[in-house]
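Single-structure report; data block below.
The values are calculated or read from the model by the stated rules, or taken from the named source; none is laboratory data. Just so you know, these numbers come straight off a predicted model, no measurement behind them. Reconstructed Cβ throughout: ideal geometry from the backbone, glycine too, with neighbour counts over all protein chains shown.
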Amino acid sequence: MGREKIVVIDFGGQYNQLVARRVRECNVYCEIYSYKTDMEKIREMEPKGIILTGGPNSVYEEGAPSCGRELFELGVPVLGLCYGAQLMSHVLGGHVCKAPVREYGRIEVTVDQSSRLFGDVSEKTICWMSHNDYIEKPAPGFRVIAHTADCPVAAAEWAERGLYAIQFHPEVLHTQEGSKMLHNFVYEICGCAGDWRMDSFVETSIRAIREKVGSGKVLCALSGGVDSSVAAVMLAKAVGDQLTCVFVDHGLLRKNEGDEVEEVFGPNGPYDLHFIRVNAQERFYGKLKGVEEPERKRKIIGEEFIRVFEEESKKIGKVDFLVQGTIYPDVVESGLGGESAVIKSHHNVGGLPDYVDFKEIIEPLRELFKDEVRKAGLELGIPEKLVYRQPFPGPGLGIRIVGEVTAEKVKMVQDADAIYREEIAAAGLPHTPDQYFAALTNMRSVGVMGDERTYDYAVALRAVNTVDFMTAEASQIPWEVLQRVTSRIVNEVAHVNRVLYDITSKPPGTVEFE
Ligand code: GLN
């Protein structure tokens, strides 16, 4: 206890996690809960403030997600966003109905700068709107503090009660002064002190882990990804050589990646832990022989991974704790947090590996968003190269090779990908694509090299810009850069005679190429 907290109540809006992230960027901790959460539970958390998110429903519909009047009578400031604003108005006796004019996208809003919510915000400010309904009449006690050309109540407040309703979305970056508004809410209105910082988080976590583990033995599966690396270092700092890290090299990692992981965690690295690297390349290639279907490949790689890990951990004998790199979005998306519950189940949560004999699970990153995990990693002194590693699927290159996986193909895609990454880094682009990689297509075609006919593979280059990986668009990499990459790949990578650039967006494509 003791840590101040904002509670975000989720009504199914698509930006629920963004709301929480923006609040945390203000150095205030917050958590997301479904609107179905018991009022008693919320009261017990003693939140400094409550934020109600947007949502797809209309508040006046039968069965629409709702909340009791008591929520507004806890004596805790409440900020309603879009659906949340409409709900606050509806529950407290205002009138919400279908808007004569729907607003969608960037809209100029005129705000009343005398409101504490808009302190320091420009009188005319661009905000992101997305609504069909509107607050026709605010609830009694409220005064209007913002409007647009088509929306008479773009925001309303009952300042004495700490109640604020805003029709637009401050959490979305298109709302130019949205962070300032959230900042005003948590500091000026809720009176937060801002005690959520990664340095103190890391310190407190290390202390708590040390206490919990005592003299117990801890086991961690390292994948080389950001989450498991940060979790492992945290454990290493907390309990040193009581920790064993098992790193399964499935032979489907990016070029040199296995060695990079070993450099950090191995015997010559800075940490005092037991490091076991299992070179299981041949074993994985063997299992993947002749398999072309991507889902089957994923399954085989996942299962084999567990099997190898299991064999290794059996050699260690009984362990007391197993470390998992679960992060907050995993928790929210598997329904333990917010409202997007039903959408997907996540491999990291719930699916405890029952094949290892252990007492308890430790999830040191369970409360963190990805950007916070990276910050924690830097605090822990993990090399930037590892901390800022691009997202990489668990099945690795196995799913960046279309069709059958072989050792030769892995080598081709590793080399092509390394060239691509080198050249992108060297190009010093104003914005590095959020994710980019080379994949190997299953297409062979005729080419000519040194006057000789070739019949070789085509590499596909992918690069996307995205905010959240839910949607993405192809990056417009400068032509010269693509040319340089292409010429190096066809020259340096044997059995590749063609390079294609994928400009498909997601949807309908995916970011990965399998
Ligand atoms: N469904 C409500 C509307 O259309 C709220 C939308 C939202 O929260 N983005 O107005």
Looking only at the stretch 78-98, decide whether some residue is touching a residue at least 24 places away in the same chain (Cβ under 8 Å), more than 25 Å from the chain's Cα centre (by Cα), more than 24 Å from Thr148 (Cβ to Cβ) and within 16 Å of the ligand (Cβ to nearest atom). no
For Ser114, work out the one condition from (1) more than 14 Å from the ligand (Cβ to nearest atom); (2) touching a helix residue (DSSP H, G or I) at 6+ places or on another chain (Cβ under 6 Å); (3) hydroxyl-bearing (Ser, Thr, Tyr) it doesn't fulfil. (2)
How many of the residues making up the stretch 3-13 are touching a Cys at 6+ places or on another chain (Cβ under 8 Å) and assigned to a loop (DSSP other than H, G, I, E, B)? 2
For the stretch 118-126, state whether one or more residues are in contact with a Ser or Thr (Cβ under 6 Å, 6 or more places away or on another chain) and within 16 Å of the ligand (Cβ to nearest atom). no
Where residues in the stretch 16-54 are closer than 24 Å to His183 by Cβ and out of contact with any strand residue (DSSP E or B) (no Cβ under 8 Å at 6 or more places or on another chain), which of them is farthest from the ligand (Cβ to nearest atom)? Asn27
Residue check: is Asn256 at positive phi and touching a residue at least 12 places away in the same chain (Cβ under 8 Å)? yes
Among the residues of the stretch 165-175, is any surrounded by fewer than 19 Cβ atoms within 10 Å (Cβ to Cβ) and either away from the ligand (no atom under 16 Å from the Cβ) or on the phi < 0 side of the Ramachandran plot (or both)? yes
Cβ-Cβ below 7 Å, separation at least six or inter-chain, first residue in the stretch 151-177 and under 23 Å from Gln14 (Cβ atoms), second of a type in the set (Asp, Glu) and away from the ligand (no atom under 16 Å from the Cβ): which pairs? Tyr164/Glu157
Residues being under 22 Å from Cys220 (Cα atoms) and exposed (fewer than 12 other Cβ atoms within 10 Å of the Cβ): count how many of those fall in the stretch 290-305. 1
Those residues of the stretch 136-164 which are assigned to a loop (DSSP other than H, G, I, E, B) and away from the ligand (no atom under 16 Å from the Cβ), in sequence order: Ala139, Pro140, Gly141, Phe142, Ala149, Gly162
Tell me which residues, restricted to the stretch 87-105, are out of contact with any Asp or Glu (no Cβ under 9 Å at 6 or more places or on another chain) and loosely packed, with under 15 Cβ neighbours inside 10 Å. Gly93, Tyr104, Gly105
Within the stretch 124-135, does at least one residue satisfy the condition of being surrounded by fewer than 17 Cβ atoms within 10 Å (Cβ to Cβ), charged (D, E, K, R) and not in a strand (DSSP E or B)? no
Pair list, Cβ < 9 Å and 6+ apart or interchain, from the stretch 51-64 residues that are in contact (Cβ under 8 Å) with a residue 24 or more places away in the chain and more than 15 Å from Gln167 (Cβ to Cβ) to residues that are hydrophobic (A, V, I, L, M, F, W, C) and more than 6 Å from the ligand (Cβ to nearest atom): Pro56/Phe11; Asn57/Phe11; Asn57/Ala64; Tyr60/Val96; Tyr60/Cys97
Among the listed residues Ser205, Ser200, Ser215, which satisfies the condition of being farther than 25 Å from Gly93 by Cα, hydroxyl-bearing (Ser, Thr, Tyr) and in a loop (DSSP other than H, G, I, E, B)? Ser215
In the stretch 55-64, residue farthest from Val332 (Cα to Cα) [restricted to those that are buried (at least 16 other Cβ atoms within 10 Å of the Cβ) and either away from the ligand (no atom under 12 Å from the Cβ) or of a type in the set (A, V, I, L, M, F, W, C) (or both)]: Val59
In the stretch 402-421, which residue that is touching a residue at least 60 places away in the same chain (Cβ under 8 Å) and of a type in the set (A, V, I, L, M) is nearest to Glu257 (Cα to Cα)? Ala418
Restricting the search to the stretch 36-63, which residues are within 23 Å of Gly94 (Cα to Cα) and acidic (Asp, Glu)? Glu61, Glu62
Scanning the stretch 461-483 for residues that are buried (at least 18 other Cβ atoms within 10 Å of the Cβ) and in contact (Cβ under 8 Å) with a residue 40 or more places away in the chain gives Leu461, Arg462, Val464, Ser475, Ile477
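One line per residue, one yes/no per condition, for (1) at pLDDT 95 or above; (2) under 20 Å from Val410 (Cα atoms); (3) in a helix (DSSP H, G or I):
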site: Val248; (1), (2), (3): no, yes, no
site: Glu260; (1), (2), (3): no, yes, yes
site: Val264; (1), (2), (3): no, no, yes
site: Asp272; (1), (2), (3): no, no, no
site: Val291; (1), (2), (3): yes, yes, no
Restrict the check to the stretch 471-479 and report whether at least one residue is farther than 30 Å from Gln14 by Cα and in contact with a Phe, Trp or Tyr (Cβ under 8 Å, 6 or more places away or on another chain). no
Inside the stretch 366-409, can you point out the residues that are touching a strand residue (DSSP E or B) at 6+ places or on another chain (Cβ under 7 Å) and crowded, with 16+ Cβ neighbours inside 10 Å? Arg400, Ile401, Val402, Gly403, Lys409
